[in-house]
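Q: Encoded as structure tokens, here's the structure I'll be asking about.
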Amino acid sequence: MSLAQKLEAISAGGRERIPQEWQAVMADSLKELRASDIMDGVIKVGDKLPAFTLKNDDGSDVSSQALLADGPLVLTVFRGHW
């Protein structure tokens, strides 16, 4: 199963488990965050990061330098196991 498929399965599971009124509260909160200045200090597309190593969705170490050797890198962070 690809990472995209795993993320979609997690999202679909949340939509099934979380009551509609809670989903509405979360959507409203997300709108408020986007309207605030909180995003001004986050990393943006094109920003340079120092070299790093992170675990992938299978728990294996992945080096940013190794990935960048193949071309541009897109970093997506999602919360793990719950």
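The values are calculated or read from the model by the stated rules, or taken from the named source; none is laboratory data. On a predicted model such as this, the values are computed, not experimentally measured, just so you know. Neighbour counts are summed over all protein chains in view; Cβ atoms, including those assigned to glycine, are modelled from backbone coordinates with ideal geometry.
Q: Filter the stretch 38-73 for residues that are in contact with a helix residue (DSSP H, G or I) (Cβ under 9 Å, 6 or more places away or on another chain) and closer than 20 Å to Lys6 by Cβ and give the result.
A: Passing the criteria: Leu54, Asn56, Asp57, Leu73.
Q: Spot the failing condition for Met39; the list is (1) part of a loop (DSSP other than H, G, I, E, B); (2) modelled with pLDDT under 90, and only one is missed.
A: Answer for Met39: the failing condition is (1).
Q: Is the stretch 11-28 home to any residue that is modelled with pLDDT under 85 and either in a strand (DSSP E or B) or acidic (Asp, Glu) (or both)?
A: no
Q: Could I ask something else about it? If only one of Ser11, Ser29 is over 16 Å from Arg79 (Cα atoms), small (Gly, Ala, Ser) and surrounded by 10 or more Cβ atoms within 10 Å (Cβ to Cβ), which one is it?
A: From the options Ser11, Ser29, the qualifying one is Ser29.
Q: Given Asp70, Asp47, Asp57, which one is part of a loop (DSSP other than H, G, I, E, B), surrounded by 10 or more Cβ atoms within 10 Å (Cβ to Cβ) and not aliphatic (A, V, I, L, M)?
A: So the residue among Asp70, Asp47, Asp57 that is part of a loop (DSSP other than H, G, I, E, B), surrounded by 10 or more Cβ atoms within 10 Å (Cβ to Cβ) and not aliphatic (A, V, I, L, M) is Asp57.
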